[in-house]
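The structure under discussion appears below in the form of structure tokens.
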Amino acid sequence: MFVTVTVMSDKVYQVCINPDCRQTFGIDEILFGCPKCDSLLDVEYQWDRLNMPESLEFFETRWATKGFRAEGHLDFSGVWRFREMLQFVGKDDIVTIGEGRTLLEENDLVAREVGMKPQRLYLQYEGLNPSGSFKDNGMTAAFSLARLLGRKRVACASTGNTSASLAMFAHKTDPPMQGIVFIGTGRIAYGKLSQALDYGALTLQIEGDFDACLRRVIEVSDKLGLYLMNSVNPFRLEGQKAIMYRVLEARNWDVPDWIICPGGNLGNCSAFGKAFKEMYEIGLIKRIPRLAVIVATGANTLYQVHETDAVKWNGGRYDKGKVSALYKHMDETNYLPHTIASAIEISRPVNLPKALRSLEIMNGLVREVTDEDILEHKALIGRYGLGCEPASAASVAGLRQLIREQVVSPDDSVVCILTGHELKDPDATVKYHTGIDMKAANPPEPIPPTGRCANPPRKVADDLQAICAALGEKLPD
Ligand SMILES: *Cc1c(COP(=O)(O)O)cnc(C)c1O
Ligand SMILES: [Zn+2]
């Protein structure tokens, strides 16, 4: 499918990531894999032919112009404030809803809990995006391209947050696009499902877990001409690079020692590696931080591939045989991923090769954490920070493990990405705090009824006594 595009098509193109193929395609070609060799595609820029700032400080000046002048709405966006880093779309085609206005919090209390020194741990709160997760960073980019290409219908398979974000952007575009959301029969957090429904997306449930769902949606989209918004869409990852620009900006452009993020379909960590490689090659940074991707033990494909089987990117010639052997084994044993962190309950991550590449670029490693760890650290983040959903807390749980292993030192500067908002999955939170033997639980204290029946009503004095007992205080005279 071709559409005439006038914007910079000779300076930016899609390219196959397989070093033995490297086939290039125009950005107007709607592809979600290389037609020649089936590898993933990248968006690539000829930086020397594009207008680029000399230093990262340049981007700060846009804080002063947000909301003003013709480009003020772009300066307001935490993605398009950095638009020179993703020049594949003209200013008039950009679809923005004010995404990426998130914050980096220095959090000494969580730091103390996990064994870090003060002023060394930073939490990047991506839950503060309009739809409540980091997915908005990618959606704004993919929607802008969809608009440029004149697409009317957009679709995704989702464990929840992708669909929430897609549904919100679809009804916000001008003219609106039809958003179509495919959810599998696996678990989906109610906060996320409620968003897709509320924002008016056509929501279709199809048989199978997330992985099966995604495979079918790729097929269906191709046949029905739906524009696919999953992270196999390389333009989405371009938007997600901005999370790293904002982390650096909030640190006064000081590169941290570590970036730690949860891994699901592995789009985010893929985008992070690309962001740092580009900044390094353009000469905007002098050092690249290390990356730790944290997966759940119940959905640990990347851990098995990178750590157990020691499969490394190897310049793109990684051991594909080991990966297919693992997938074959999963098929034969009818393996289904299982974790409370539904956003990362994925066993065949589509961006696995790009994640391996990021791990190479950023000298990274992978760790797995249990659901128990995830929930305990979620409670710590809730108690001492702004709160997050279960998948996000994997990052801090992973950090604790890496400190114990002495891979991360208490002195290192560490940024954990908190990918989604606390209220995405309130069931998980309440269940934890009311559960039995939960380490960091804060259960509600019942005030026992004192009267035998509701009528006559209980006396205030009786309640007061029970409340004082709960507070651990003496009843005032
Ligand atoms: C999508 C998502 C993830 C997983 O990110 P990937 O890019 O798929 O690895 C993690 N946490 C939350 C809250 C998400 O929505
Ligand atoms: Zn190829």
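Amide H to amide H, with H built 1.01 Å from N, V369 comes under 5 Å of V295, A296, T297, counting only residues 5 or more places away or on other chains.
Amide H contacts of S39 (H built 1.01 Å from N, in plane; Pro and chain starts excluded): C34 sit under 5 Å, all sequence-distant by 5 or more or on other chains. Checking every one of the chymotrypsin sites (Phe, Trp or Tyr not before Pro) in the stretch 54-96 against DSSP loop status and a limit of 12 other Cβ atoms within 10 Å picks out F68. Note on D38/D254: beta-carbon distance plugged into 1/(1 + (r/R0)^6) with R0 of 41 Å gives a FRET efficiency of 0.55. Of the GluC sites (Glu not before Pro) found in the stretch 327-425, those that fall in a DSSP loop while having at most 13 other beta-carbon atoms within 10 Å are E405. Computed from backbone phi, the HN-Hα couplings of the stretch 276-287 come to 6, 4, 5, 4, 5, 5, 6, x, 8, 9, 9, 8 Hz, rounded to whole numbers (Karplus: 6.51 cos²θ - 1.76 cosθ + 1.60, θ = phi - 60°; Gly and Pro given as x). Counting only protein heavy atoms and a 1.4 Å probe, the chain has 43 square angstrom of accessible area per residue. Here the Kirkwood formula, the inverse mean of 1/r across different C-alpha pairs, assigns the stretch 108-263 a hydrodynamic radius of 16.8 Å. Across all C-alpha atoms in the stretch 289-437, the radius of gyration and Dmax reach 16.0, 49 Å.
Cross-link check: pairs K312/K378; K274/K312; K152/K172; K322/K354 evaluated at a Cα-Cα cut-off of 19 Å; pairs beyond the cut-off: K312/K378.
Placing one equal scatterer on every Cα of the stretch 215-268 and applying the Debye formula, the log10 ratio I(q)/I(0) at q = 0.18, 0.31, 0.32 Å⁻¹ is -0.72, -1.18, -1.20.
Considering the chain at the alpha-carbon level, its Rg and Dmax are found to be 23.4, 83 Å. How big is the Rg/Rh ratio for the stretch 241-346, C-alpha atoms only, Rh by Kirkwood, two decimals? Result for the stretch 241-346 is an Rg/Rh of 1.04.
When the convex hull of its Cα atoms is viewed from all sides, the stretch 307-359 shows a mean projected area of 4.2 nm². For the stretch 1-145, the calculated P(r) over all alpha carbon pairs, in 5 Å bins from 0 to the bin holding the longest distance, is 2, 9, 13, 15, 17, 15, 12, 8, 5, 3, 1, 0 percent. Report, in whole Å, the centroid distance computed from the Cα atoms of the stretch 80-154 and the stretch 376-424. If we compute the Cα centre of each part, the gap is 18 Å.
Rounded to 0.05, the FRET efficiency of the H329 and E219 pair, given R0 = 22 Å and the Cβ-Cβ distance, is 0.35.
Our coupling estimate for the stretch 88-93, obtained by passing each phi through the Karplus curve with A = 6.51, B = -1.76, C = 1.60 and θ = phi - 60°, is 10, 9, x, 4, 6, 9 Hz, Gly and Pro reported as x. Sequence-ordered 3J(HN,Hα) estimates for the stretch 94-99 from the Karplus curve with 6.51, -1.76 and 1.60 and θ = phi - 60° stand at 5, 9, 10, 10, x, 5 Hz, glycine and proline given as x.
The values are calculated or read from the model by the stated rules, or taken from the named source; none is laboratory data. Owing to the predicted nature of the structure, the values given are computational and were not obtained by experimental measurement. Because the Cβ atoms are built from the backbone with ideal geometry, glycine has one as well, and the counts that use them run over all protein chains shown. Side chains are part of the model used for accessible areas, which takes the heavy atoms of the whole protein and leaves out ligands, DNA and RNA. Shrake-Rupley method; radii C 1.70, N 1.55, O 1.52, S 1.80 Å.
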